[in-house]
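Only one structure is covered here, and it is reproduced in the block below.
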Amino acid sequence: FVYKDGVMGDDCFGVLPVAAAPADDARRELDDLVARANEAFRDRGEIIDSRTPEQKANVPPWLRYPIEKIAKNPDLLAYKLKTNAYKFSWMLIPLSVPFMWLMFPFSGRWRLYDHTVFVTYSLCFMSLLGIAALLLVKAGQSNAAGLLMFVVPWHWYRQLRGTYELRRRSALGRTLLLVVFTSITTTMFMFILLGLGALD
């Protein structure tokens, strides 16, 4: 700490008379002062990394910087996630098309172009559904917005059956597969957004 005229700076919490106090008392007062300083830094959004070098060594070097960056400013990361979500929403198409192919493997009739059109139309419908849900929430109709979630599997079933000319049982089975594949794709997309937000 830097003294000026025998008094600590404005960011400190008082004068610690280490020389005049016994060793144990001075140590306790010093620990208390450091703890209060840490709390002040946390309030300002500055996180002090108190880990030892041995603890830091357990974190891979390529992960250390993103983790420290997220810990210092989580609000900035949340803002970047929101911004990148609509900027890179097109990435859901190339992520989803391979999974659509897996539902019709080695099909001579349905090719990647057909799957791409299916995914594009499905994402457009989901975007409109999300906008409708958001408007309902803003209007105070949260329950009605929640009911719109049941429209998603029904739409997938109808779209699969109409686009690929499937029978009911086949369309239902592929709808269940699509639910699983969509969960995987969404998870992959969120990890990509998290990586972009942390490394940007």
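Among the residues of region 172-181, is there at least one that is open to solvent by less than 30 Å² (accessible area, probe 1.4 Å) and either at pLDDT below 90 or among the polar types (S, T, N, Q) (or both)? Yes, region 172-181 contains a residue that is open to solvent by less than 30 Å² (accessible area, probe 1.4 Å) and either at pLDDT below 90 or among the polar types (S, T, N, Q) (or both).
Scanning region 96-149 for residues that are of a type in the set (A, V, I, L, M), under 19 Å from S183 (Cβ atoms) and surrounded by 14 or more Cβ atoms within 10 Å (Cβ to Cβ) gives V97, M100, M103, V119, L123, M126, L129, A133. Looking only at region 150-163, which residues are open to solvent by 50 Å² or more (accessible area, probe 1.4 Å) and of a type in the set (S, T, Y)? Selection gives T163 alone.
Can you confirm whether I93 is open to solvent by less than 90 Å² (accessible area, probe 1.4 Å), at pLDDT 75 or above and part of a helix (DSSP H, G or I)?
Values: open to solvent by less than 90 Å² (accessible area, probe 1.4 Å): yes; at pLDDT 75 or above: yes; part of a helix (DSSP H, G or I): yes.
So I93 passes the test.
Criterion first (outside any loop (DSSP other than H, G, I, E, B), at pLDDT below 65 and either surrounded by 13 or more Cβ atoms within 10 Å (Cβ to Cβ) or within 26 Å of the chain's Cα centre (by Cα) (or both)) does Y79 satisfy it?
On the way: outside any loop (DSSP other than H, G, I, E, B): yes; at pLDDT below 65: no; either surrounded by 13 or more Cβ atoms within 10 Å (Cβ to Cβ) or within 26 Å of the chain's Cα centre (by Cα) (or both): yes.
So Y79 fails the test.
If the condition is being closer than 16 Å to V119 by Cβ and either assigned to a loop (DSSP other than H, G, I, E, B) or under 25 Å from the mean Cα position of the chain (by Cα) (or both), then region 154-182 contributes Y164, L177, L178, V179, V180, F181, T182.
The values are calculated or read from the model by the stated rules, or taken from the named source; none is laboratory data. On a predicted model such as this, the values are computed, not experimentally measured, just so you know. Cβ sites come from the backbone with ideal geometry, for glycine too, and all protein chains shown count toward neighbours. Ligands, DNA and RNA are excluded from the accessible area calculation, which covers all protein heavy atoms including side chains. Shrake-Rupley method; radii C 1.70, N 1.55, O 1.52, S 1.80 Å.
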